[in-house]
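None of the figures in this text is laboratory data; all of them are computed from the coordinates on show. From a predicted model like this one, the values you see are computed outputs, not experimental measurements. Using ideal geometry, Cβ is built from the backbone for each residue, glycine included, and neighbour counts are taken over all protein chains shown.
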Ligand SMILES: [Zn+2]
Ligand SMILES: [Zn+2]
């Protein structure tokens, strides 16, 4: 059985889908990343078509003002990426409420170094 590997657009965690998983998914279904809980909607999954996902956006809480806002793929694409203190790359997004710059970091649940 072939396994489809999808890289999470937010945290780069590899999500594995078996053929059976894929067969059960239809366009409009939502997959949730195990690692960062980003939601991705299935946009293509027809016979002979590539499997494609679109990021729905994740809710994050601004550490500055405490308001929640949604991080979307467009927002990430428009955000600068900087080197974090531990050498990993983090995206800097702007809070729509207070305009604070927030470094987006995603923790690995299994504790392995990236
Ligand atoms: Zn993720
Ligand atoms: Zn804020």
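Observations, loosely collected:
- Scaled to the globular estimate 2.2 N^0.38 Å, the Cα spread of segment 3-55, given as radius of gyration, is 1.04.
- Computed lengthening from residue 59 to residue 41, 0.36 nm per intervening residue step minus Cα-Cα distance: 4.9 nm
- Given their separation in residues at 0.36 nm each and the Cα-Cα distance between them, residue 23 and residue 100 gain 23.5 nm when the chain is fully extended.
- Sorted by Cβ density within 10 Å, fewest first, the residues 51, 69: 51, 69
- If you take the alpha carbon atoms of segment 58-104 and fit the smallest convex hull around them, that volume is 72 Å³ per residue.
- Peptides 19-30, 34-45 ordered by average Cβ neighbours within 10 Å, highest first: 34-45, 19-30
- Computed from the C-beta positions of residue 67 and residue 12 and an R0 of 22 Å, the FRET efficiency is 0.25 to the nearest 0.05.
- Just so you know, the Cα atoms of the chain work out to an Rg and Dmax of 15.7, 49 Å.
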